[in-house]
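These notes concern the structure reproduced below.
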Amino acid sequence: MIRLFITFFYVGLIPFAPGTFGSIAGAVVAYFVLVFFSSTTLFLATILITLLGVSAINSYEKATNSHDHKSIVIDEVAGVWLSIVLSGATLTQMALSLVFFRIFDILKPSIIGRIDKNVGGGLGVMGDDIVAGFFAGIMSALCYGVMMKFGFVLP
């Protein structure tokens, strides 16, 4: 059951680019949450899966004697959800959030990289993606605002 959760229903078992596919799957689920519920629901779900993710990853790493296995994508899901919550719910904002999240998650600039390298266990695995999601949400919101200002998107 833990593996089902941390691989986000086995999306993390895709043999190439599991983090990207996990992020995309997370964005698709976020879209439906926002259609049927609200951004508050998505935010609370982000907190919930982050807390559960830390615990589940700790258990998985202890059982497998590994750290941040590539099949673990629940951290990408939480990060992209946070990015979308902070940016907004239009399709353009969701796409920007996804793109910026992947950029920050792959490049791991500044504090994101330090968390990735220096924090162990589930907190480290989830932490760098949550911080990446935070910065991605801010960048997405800023870009969307600039795009609106210059008439590239409608409000």
- Message: What is the distance in Å between the Cα centroid of the stretch 14-76 and that of the stretch 77-155?
- Response: 14 Å
- Over the chain: helical MRE at 222 nm, DSSP H runs n ≥ 4 each giving -39500 (n - 2.57), nearest 500: -25500 deg cm²/dmol
- Query: Counting other Cβ atoms within 10 Å, which chymotrypsin sites (Phe, Trp or Tyr not before Pro) in the stretch 77-155 have at most 16 and lie in a DSSP loop?
  - Reply: PHE150, PHE152
- Student exercise, the stretch 1-120 dipole from Lys, Arg, Asp, Glu Cβ charges, in Debye to nearest 20: 120 debye
- Taking a cut-off of 19 Å between Cα atoms, list the lysines near LYS62, but don't count ones fewer than 8 places away on the same chain. LYS70, LYS117
- Given the Cα-Cα distance of SER59 and THR20 and 0.36 nm per residue of separation, how much length would full extension add, in nm? 11.7 nm
- Listed by chain and number, the residues whose amide H is under 5 Å from that of THR7, excluding neighbours fewer than 5 places away on the same chain and using placed H, are VAL73
- Item | Distance in nm between pseudo-label sites at SER66 and LYS149 (7 Å out along the Cβ direction from Cα) | 4.6 nm
- Message: If packing is taken as the average count of other Cβ atoms within 10 Å, what order do 91-99, 63-71 fall into, highest mean first?
- Response: 91-99, 63-71
- Note on the structure: Cβ-Cβ cut-off under 14 Å around ILE6, Lys and Arg +1, Asp and Glu -1: the net charge is -2
- Taking the Cβ of GLY19 as the centre, find all other residues whose Cβ is under 10 Å away and add up their charges (Lys, Arg: +1; Asp, Glu: -1). -2
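No lab work stands behind these numbers, since they all come straight from the coordinates. Since the structure is predicted, the reported quantities are computational estimates derived from the model, not experimental observations. Cβ atoms come from the backbone with ideal geometry, glycine included; neighbour counts cover every protein chain shown.
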